[in-house]
Amino acid sequence: DYAVSPGDSVVVVTNNDDAYRTALAVKAAGLQVPVILDARPQGGGVLAEQAKAAGIRVENGKAIAKVKGGKRVTGVAICAQAGEGAVLEEIACDAVAMSGGWSPVVHLWSHCGGKLLWDAERALFRPDGAKPPTDQDGEGFVLCAGAANGAMTLDAALADAALQGAGAASELGYKGLAEAPKVDAEAEAAMAAVWMMPQGAGIQLRMKAWLDYQNDVKVSDVQLAAQEGYESVEHAKRYTTLGMATDQGKLSNINGLAILSDALNQPIPQTGTTTFRPPYTPISMGAIGGAARAEVFQPIRRTCLYDWHEWQNAYWEPVGQWRRPYCYPKAGESHEQAVNREITQTRTSLGLLDASTLGKLIVKGPDAGKFLDLLYTNMMSTLPVGKCRYGLMCNENGFLSDDGVVARMDEDTWLCHTTTGGADRIHAHMEEWLQTEWWDFKVYVANVTEQWAQFAVVGPNARKVLEKLGGMDVSKETLPFMQWAEGTLNGVLARVFRISFSGELSYEIAVPASMGRAFWDMLLAAGEEFGATAYGTEALHVLRAEKGFIMIGDETDGTVIPQDLGLDWAISKKKTDYIGKRGQERVHMVRADRWKLVGLETLDGSVIPDGAYAVDEGKNANGQRNTQGRVTSSYYSPTLGRGIAMGIVRDGPTRMGEVIDFPKTDGTSVKARIVDPVFYDKEGAKQNV
């Protein structure tokens, strides 16, 4: 056995026989034990005699009045345990070993719901076998054995373990042997509960009588808590921080409960215990934070097509915790050229997008429609089965938080699509309202984002590709815009949503994630004659900007409401309330001069820097130019052959045709005309075919 000595001269102070084992071990290691101070007037048993035989001085009925020293221990002042702390003798030492008795490890029993029993004779809480943790049928399902059950000596622990093991075997229909191994155990004298040392210590000693050695909680602190009215053990714990260090009260709680009970003049069982919370073994900050570094700082989420994207030389973009292809550059192609090629092919023939990362939340139950009406700005309860509706979600202040298409699956089930980065956040948002505000709603929410792969099939030839696969009627008449249907495509179970984020004829196909790669290969094979081209997130952004569609996180920044973006049409006039409605009615929110969404067209066809501010006349109190708007999205449009931008400008929709100035970081500026934010196919002829 190996150990590190905390000092060369160790004084041992105890109220039980076990500390004599420590003293004998220290002596055997060649260190000095000047004295064992046993608070019990009658002293110890066989182990005490062994200590005396080893030449160790033993003082019964004695205690420590003070520990001497500043930066380290230099000695102890001895007094009578039954007295008030009058010093009888000082003994030099450089370490003090204390033993106040043992407590069973009842944490797991308590975590499961088992009750505890106070054992006054041994001054400990032990499991109450009559009140075990119970299962769903009210039957006990946990047994404690050995020391965990309060058997604190070796022979008693072995006997109890054999008894409990036999009982467990019997419960399972087996015959158990209740005979424990025989051991030679020294007879031990009864311990004495010592809650104060010395027991008559005055206020000056109590102010330096430490209970919690990690949080420096003193006897006087607990007594003050009781005096201040913190009679609940949980309140006293938080008032004093007793037991809130890394040991979670293993060293101090019993003593603290006893001091609190004494101050309240009530028995310890009436005071009770604090709540035992997992984990039993503390977790270090290193264990928690050690893995969160370098490449594993955040979990990396990948779709079922990740390997295919890699094979196609995808340039990756982090979107939330997902990795999505920004573009697929071919040999000798720049990222800009790759994006332009992907856009052009999608607009003129056929593009394919891996949209699997979009959030998919199932909202189900008798009250699901009512719940969604309160979450979204428009009505969802009236949405017919088989149809889709675009929805906006706001926070309590009225600011736009997320958007997406909602599809009604059946009479009490809706599928809510969210942004890629919003799935977990919106799921938590829904759960918070269900659990804290509308707890009586009969609604269940499940995040099924990773259970479904979802692909956008976009472009003039999109329908032809699905018709080649066969299995479902995807014609305009059978599956018109903003409807969905379930069936099989080329033998694969599929949900086909007739929605578009590009302004083109478009379908989003959801298939089980396990079939995602196989179905993607089917799309590529069927679309080969049309030059099927995978496109990434940048092409997606340009396509939607050409159509004037907003993007959460671009056109929104936590200060924008739907009305600022011209989305009044997505706000129900029939509903009396929804989350954010009252916030949107505040004076500041209805001002005529709020910054609102417009299109921006540079006079020279260039691309305005993303995030650039439009300056106004005059300066503010800080000497800075006043501003009247900013760019929210800016791209080069290969479809239109020039730069396009979306932005929010003060009272922008009433200022069509006006030219405003955007300074650049190089000292130059670019002029742009305020125009309609829809740059491409405003009538929607391309998507409604």
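The values are calculated or read from the model by the stated rules, or taken from the named source; none is laboratory data. Please read all numbers here as calculations on a predicted model, not as lab measurements. For neighbour counting, all protein chains shown are included, and Cβ atoms are generated from backbone atoms with ideal geometry for every residue, glycine included.
Please give the number of the condition I259 fails out of (1) surrounded by fewer than 19 Cβ atoms within 10 Å (Cβ to Cβ); (2) in a helix (DSSP H, G or I).
(1)
Which residue out of K52, K66 is at pLDDT 95 or above and among the basic types (K, R)?
K52
Could you please find all residues in segment 323-348 being touching a residue at least 40 places away in the same chain (Cβ under 8 Å), buried (at least 19 other Cβ atoms within 10 Å of the Cβ) and not hydrophobic (A, V, I, L, M, F, W, C)?
R324, P325, Y326, Y328, N340, R341, E342, Q345, T346, R347, listed by residue number.
All but one of (1) under 30 Å from L108 (Cβ atoms); (2) touching a Pro at 6+ places or on another chain (Cβ under 8 Å) hold for Y280; which doesn't?
(2)
Answer yes if at least one residue in segment 238-250 is surrounded by fewer than 16 Cβ atoms within 10 Å (Cβ to Cβ) and closer than 22 Å to A77 by Cα, and no otherwise.
No, segment 238-250 contains no residue that is surrounded by fewer than 16 Cβ atoms within 10 Å (Cβ to Cβ) and closer than 22 Å to A77 by Cα.
Go over the candidates A151, A156 one by one and state the one that is free of Cβ contacts under 8 Å to residues at least 60 places away in the same chain, part of a helix (DSSP H, G or I) and of a type in the set (A, V, I, L, M).
Unique residue meeting the criteria: A156.
What residue, of P41, P34, P6, is over 21 Å from G101 (Cα atoms) and either of a type outside the set (D, E) or touching a Phe, Trp or Tyr at 6+ places or on another chain (Cβ under 7 Å) (or both)?
The conditions single out P34.
Within segment 60-98, how many residues are surrounded by 19 or more Cβ atoms within 10 Å (Cβ to Cβ) and either touching an Asp or Glu at 6+ places or on another chain (Cβ under 6 Å) or not aliphatic (A, V, I, L, M) (or both)?
Looking only at that region, the number is 7.
Just to be sure, is L523 out of contact with any Gly (no Cβ under 9 Å at 6 or more places or on another chain), buried (at least 22 other Cβ atoms within 10 Å of the Cβ) and either in a loop (DSSP other than H, G, I, E, B) or not charged (D, E, K, R) (or both)? Before you say what the answer is, go through the steps one by one.
Values: out of contact with any Gly (no Cβ under 9 Å at 6 or more places or on another chain): yes; buried (at least 22 other Cβ atoms within 10 Å of the Cβ): yes; either in a loop (DSSP other than H, G, I, E, B) or not charged (D, E, K, R) (or both): yes.
Judged against the criteria, L523 is a match.
Taking V598, is it more than 30 Å from N461 (Cα to Cα), in contact (Cβ under 8 Å) with a residue 24 or more places away in the chain and among the aliphatic types (A, V, I, L, M)?
In short, yes.
Just to be sure before I move on: is G249 in a helix (DSSP H, G or I), closer than 28 Å to G44 by Cα, of a type outside the set (V, I, T) and touching a helix residue (DSSP H, G or I) at 6+ places or on another chain (Cβ under 8 Å) in the structure I sent?
No; evaluated as a whole, the condition is false for this residue.
Among all residue pairs at least 6 apart or on different chains, which show Cβ distances below 6 Å where the first residue, located in segment 632-656, is surrounded by fewer than 22 Cβ atoms within 10 Å (Cβ to Cβ) and the second is among the basic types (K, R) and in a strand (DSSP E or B)?
P653/K596
Restricting to segment 377-436, count the residues that are out of contact with any helix residue (DSSP H, G or I) (no Cβ under 8 Å at 6 or more places or on another chain), acidic (D, E) and buried (at least 23 other Cβ atoms within 10 Å of the Cβ).
1
Filtering segment 573-593 down to residues that are touching a helix residue (DSSP H, G or I) at 6+ places or on another chain (Cβ under 8 Å) and outside any helix (DSSP H, G or I), which residue is surrounded by the fewest Cβ atoms within 10 Å (Cβ to Cβ)?
D577
Could you pull out the residue among Q164, Q136, Q214, Q204 that is in contact with a Leu (Cβ under 6 Å, 6 or more places away or on another chain) and either modelled with pLDDT of 90 or more or on the phi < 0 side of the Ramachandran plot (or both)?
Q164
Of (1) outside any loop (DSSP other than H, G, I, E, B); (2) closer than 16 Å to A120 by Cα, I288 satisfies all except one. Which?
Evaluating I288 over (1) outside any loop (DSSP other than H, G, I, E, B); (2) closer than 16 Å to A120 by Cα leaves (2) as the failure.
Condition first: assigned to a strand (DSSP E or B), among the hydrophobic types (A, V, I, L, M, F, W, C) and under 40 Å from the mean Cα position of the chain (by Cα). Now tell me which residues in segment 604-640 satisfy that.
Passing the criteria: A614, V631.
How many residues are surrounded by 14 or more Cβ atoms within 10 Å (Cβ to Cβ) and either in contact (Cβ under 8 Å) with a residue 40 or more places away in the chain or not charged (D, E, K, R) (or both) when one looks only at segment 128-140? If you could, list the steps in order and put the result at the bottom.
Residues of segment 128-140 that are surrounded by 14 or more Cβ atoms within 10 Å (Cβ to Cβ), as a first pass: 128-129, 132-134, 140.
Then keep just the ones that are either in contact (Cβ under 8 Å) with a residue 40 or more places away in the chain or not charged (D, E, K, R) (or both); that gives 129, 132-134, 140.
Result for segment 128-140: 5.
Taking segment 602-632 as the region of interest, how many residues are in contact with a Gly (Cβ under 8 Å, 6 or more places away or on another chain) and closer than 24 Å to Q563 by Cα?
Qualifying residue count, segment 602-632: 7.
How many of the residues making up segment 437-449 are farther than 17 Å from G359 by Cβ and buried (at least 18 other Cβ atoms within 10 Å of the Cβ)?
Of the residues in that region, 1 qualify.
Go through (1) surrounded by 16 or more Cβ atoms within 10 Å (Cβ to Cβ); (2) within 30 Å of M482 (Cα to Cα) and name the single condition A685 misses.
Among (1) surrounded by 16 or more Cβ atoms within 10 Å (Cβ to Cβ); (2) within 30 Å of M482 (Cα to Cα), the lone unmet condition for A685 is (1).
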